[in-house]
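*Asks:* Before anything else, here's the structure in question.
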Amino acid sequence: MKQLLKKIFRIFGLEITRYRPQIKERELATLSPPGGSKGNVLISYILEPFFLKPGEPLPHSHTNYWESLQIAKTFLELGYSVDVIDYRNKTFIPKKDYSFFIDVRHNLERLSPLLNRDCLKIMHIDLCHMLFNNAAEANRLLALQQRKGVTLKPRRFEMPNLGIEYADYVTVLGNEFTIDTFRYANKPIYRIPISNPLLYPWPEAKDFETSRRNYIWFGSGGLVRKGLDLVLDAFSEMPDYHLFVCGPIKQEEDFEKAYHKELYETPNIYAIGWVDVSSIEFIEIANRCVGVVFPSAAEGGGGSVITCMHTGLIPIVSYESSVDVDEMFGAILKDCSIDTIQNTVQKISGFPAEKLKQMAHKAWEFARANHTQERFAEEFKKIILKILRE
C-alpha cells in the first residue's frame with residue numbers, strides 16, 4: 001500500500017494543498033495526469049488517503065481508504081485531472097466543468113444543480129439504502145428490547161440520501177441484496193466486488209478437529225445491527241462451543257453494560273475487542289476458529305466477512321450480510337433467530353474434519369478469486385470504459 005501511494009505521487013504528479021492530520025471540509029486534493037488532460041473528474045469520497053504524510057501507511061481498517069484512492073488512480077490512468085473532496089464536505093462549490101462526478105452520500109443531491117449539464121454523475125454505493133438500514137437497525141433494537149428488557153441507542157442511523165435519484169449510473173460494492181434496496185430508482189447498476197486490504201496465506205498447519213467448535217464474530221460499530229447480541233445469546237446457551245468477539249465493544253457502553261455477563265462472565269465467550277487485521281493476534285484467533293458467524297441486518301458489501309474468508313474461515317451469515325455464500329463453503333441463515341444460529345453452528349461443527357477443511361479452503365479460494373484490490377481496480381476501470389463507450 002505504501003508503494004501504491006509512492007507510485008501515485010511519482011507517476012501522476014500528485015498536488016495537494018497541504019498535509020493535515022484532520023481533514024477539513026474546505027480542503028481539496030488535486031491530482032494531474034502526465035501530459036495533457038482530457039477533462040476533469042470530481043470525487044466525493046474518503047479524503048484522508050490523499051493527505052497522508054510522506055511514508056505514512058494507508059489505513060486498512062476499512063476498504064474505502066484504498067478504494068477511494070484507486071478510483072482517483074483509475075481516472076488518472078484514463079487521462080483525467082482529478083479533484084477529491086471529502087464526502088462530508090457541505091460547502092464545496094464547483095468552479096470548473098467536470099466530465100464525471102462520483103459521490104457516496106449526500107453531495108450528488110447538493111451539487112447536481114451546480115454541475116455542467118453534460119457531467120456524468122455516478123453514485124458509488126458502499127452500503128444498503130439508508131431507509132432499509134435505519135428500519136433494519138430499529139427492528140433489531142426493538143426485538144432486543146422485547147427479549148432483554150433494555151433499550152439501546154441506534155448507532156448506524158443516517159439521513160437517507162437521494163443521490164441515486166440524481167445519478168446517471170450506479171456502482172455497488174454489495175451483492176443482489178444491496179442492489180435490490182436501490183432498484184426502485186431504475187438506474188443502470190454495476191456491481192464491483194468489494195476489495196480486501198490484505199491477502200493471507202492458506203493456514204496449512206490448522207487443525208480442523210480442535211477448531212471445529214470455535215467461532216468468531218468480527219465487525220465494526222453498530223453491534224446490534226450487525227447481530228452481535230443474537231450471537232452472544234446463542235453461544236451463551238452452548239457451553240461446548242466457543243466464541244471470540246472482535247469489534248469495538250468499548251465504544252458502545254450501553255451494549256457492553258447490557259451484555260456484560262455474556263461478554264465477561266461466560267466461560268466460552270472471549271471479549272477480544274477491536275483487532276487490527278494485520279496483527280498476529282488476528283491471525284492466531286482466525287487459526288483457532290473454524291468459522292465466522294455474522295447475522296447482520298443490513299450491509300453494503302460484508303467486508304468483515306470477506307476478510308474472515310480470506311483467512312480460511314467458513315462463513316455463517318444472514319442474507320442481509322450482502323456476501324455471496326455457496327453451501328459448498330458456508331451457510332446463509334434461513335432467519336436470524338437464536339435457534340437458527342445455534343442449529344446452523346452445530347450442523348457445521350458436526351461435519352468431519354476433512355469436510356470442514358475442504359469448505360474452509362473453498363471459502364479462501366472464493367475470496368482470493370473475487371475480492372482483491374486487483375479485482376476491484378479491474379472491474380471499476382471496465383465499468384468506466386463501458387460508460388464512456390455509451
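The values are calculated or read from the model by the stated rules, or taken from the named source; none is laboratory data. Just so we're clear, the structure is a prediction, and the values are computed from it rather than from any experiment. Methodologically, a virtual Cβ is constructed for each residue, glycine included, from the backbone with ideal geometry; neighbour enumeration extends over all protein chains shown.
Residues checked against (1) in the same structural domain as L356 (by TED's automatic domain parsing); (2) touching a residue at least 40 places away in the same chain (Cβ under 8 Å); (3) closer than 22 Å to Q346 by Cβ:
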{"position": "L199", "(1), (2), (3)": "no, yes, no"}
{"position": "Y215", "(1), (2), (3)": "yes, yes, yes"}
{"position": "R225", "(1), (2), (3)": "yes, yes, no"}
{"position": "D229", "(1), (2), (3)": "yes, yes, yes"}
{"position": "L232", "(1), (2), (3)": "yes, no, yes"}
{"position": "S236", "(1), (2), (3)": "yes, no, yes"}
{"position": "F244", "(1), (2), (3)": "yes, yes, yes"}
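*Asks:* Tell me yes or no: at least one residue of region 321-337 is in a helix (DSSP H, G or I), modelled with pLDDT of 95 or more, over 27 Å from N134 (Cβ atoms) and in the same structural domain as L232 (by TED's automatic domain parsing).
*Replies:* Our first condition is that a residue be in a helix (DSSP H, G or I); within region 321-337, this holds for 321.
Those still in the list that are modelled with pLDDT of 95 or more too: 321.
With over 27 Å from N134 (Cβ atoms) added as a condition, the list becomes none.
The answer is no; no qualifying residue exists.
*Asks:* In region 51-94, which residues are out of contact with any strand residue (DSSP E or B) (no Cβ under 8 Å at 6 or more places or on another chain), aliphatic (A, V, I, L, M) and under 26 Å from S220 (Cα atoms)?
*Replies:* Answer for region 51-94, where residues must be out of contact with any strand residue (DSSP E or B) (no Cβ under 8 Å at 6 or more places or on another chain), aliphatic (A, V, I, L, M) and under 26 Å from S220 (Cα atoms): L52, L58, L69.
*Asks:* Right, something else. Among L111, L69, which is the only one that is on the phi < 0 side of the Ramachandran plot, crowded, with 17+ Cβ neighbours inside 10 Å, of a type outside the set (G, A, S) and over 20 Å from the mean Cα position of the chain (by Cα)?
*Replies:* Numbers: L69 fails: over 20 Å from the mean Cα position of the chain (by Cα).
The unique qualifying residue is L111.
*Asks:* Suppose we keep only residues that are of a type in the set (S, T, N, Q) and in a helix (DSSP H, G or I) within region 193-211. Which one would you say is farthest from W364 (Cα to Cα)?
*Replies:* Here is the first cut: in region 193-211, the ones of a type in the set (S, T, N, Q) are 195-196, 210-211.
Adding the requirement that they be in a helix (DSSP H, G or I) leaves 210-211.
On the way: T210: 19, S211: 16 Å.
Checked region 193-211; the qualifying residue farthest from W364 (Cα to Cα) is T210.
*Asks:* Give region 120-174 a look and list any residue that's of a type in the set (S, T, N, Q) and either farther than 21 Å from L223 by Cβ or free of Cβ contacts under 8 Å to residues at least 24 places away in the same chain (or both), or say none. Step through it out loud before you land on a result.
*Replies:* Looking only at region 120-174, we keep the residues that are of a type in the set (S, T, N, Q), and these are 133-134, 139, 145-146, 151, 161, 171.
Of everything in region 120-174, those that are of a type in the set (S, T, N, Q) and either farther than 21 Å from L223 by Cβ or free of Cβ contacts under 8 Å to residues at least 24 places away in the same chain (or both) turn out to be Q145, Q146, T151, N161, T171.
*Asks:* Mind listing whichever residues of region 117-128 are out of contact with any Ser or Thr (no Cβ under 6 Å at 6 or more places or on another chain) and not in a strand (DSSP E or B)?
*Replies:* The answer is R117, D118, C119, D126, L127.
*Asks:* If you go through region 74-103 one residue at a time, how many are within 19 Å of E27 (Cα to Cα) and buried (at least 16 other Cβ atoms within 10 Å of the Cβ)?
*Replies:* 14
*Asks:* Residues of region 129-173 being assigned to a loop (DSSP other than H, G, I, E, B) and closer than 30 Å to K386 by Cα, which ones? Outline the logic, then answer.
*Replies:* Kept after step one, since they are assigned to a loop (DSSP other than H, G, I, E, B), are these residues of region 129-173: 129, 149-162, 167-168, 173.
Correct list: H129, P160, N161, L162, A167, D168, L173.
*Asks:* Going by the conditions given, is F75 in a helix (DSSP H, G or I) and either farther than 20 Å from K226 by Cα or of a type in the set (S, T, Y) (or both)? Lay out the reasoning, then the answer.
*Replies:* Values: in a helix (DSSP H, G or I): yes; either farther than 20 Å from K226 by Cα or of a type in the set (S, T, Y) (or both): yes.
Answer is yes for this residue.
*Asks:* Here's a follow-up. Spot the failing condition for A369; the list is (1) within 24 Å of L243 (Cβ to Cβ); (2) out of contact with any helix residue (DSSP H, G or I) (no Cβ under 7 Å at 6 or more places or on another chain); (3) assigned to a helix (DSSP H, G or I), and only one is missed.
*Replies:* A369 satisfies all of (1) within 24 Å of L243 (Cβ to Cβ); (2) out of contact with any helix residue (DSSP H, G or I) (no Cβ under 7 Å at 6 or more places or on another chain); (3) assigned to a helix (DSSP H, G or I) except (1).
*Asks:* Can you name every residue in region 44-64 that is farther than 11 Å from N196 by Cα and not in a loop (DSSP other than H, G, I, E, B)? I'd like the intermediate steps shown before the answer.
*Replies:* Looking only at region 44-64, we keep the residues that are farther than 11 Å from N196 by Cα, and these are 44-59.
Scanning region 44-64 gives S44, Y45, E48, P49, F50, F51.
*Asks:* Here is a further query. Scan region 114-123 for residues that are crowded, with 20+ Cβ neighbours inside 10 Å and basic (K, R) and jot them down.
*Replies:* K121, the sole residue that qualifies.
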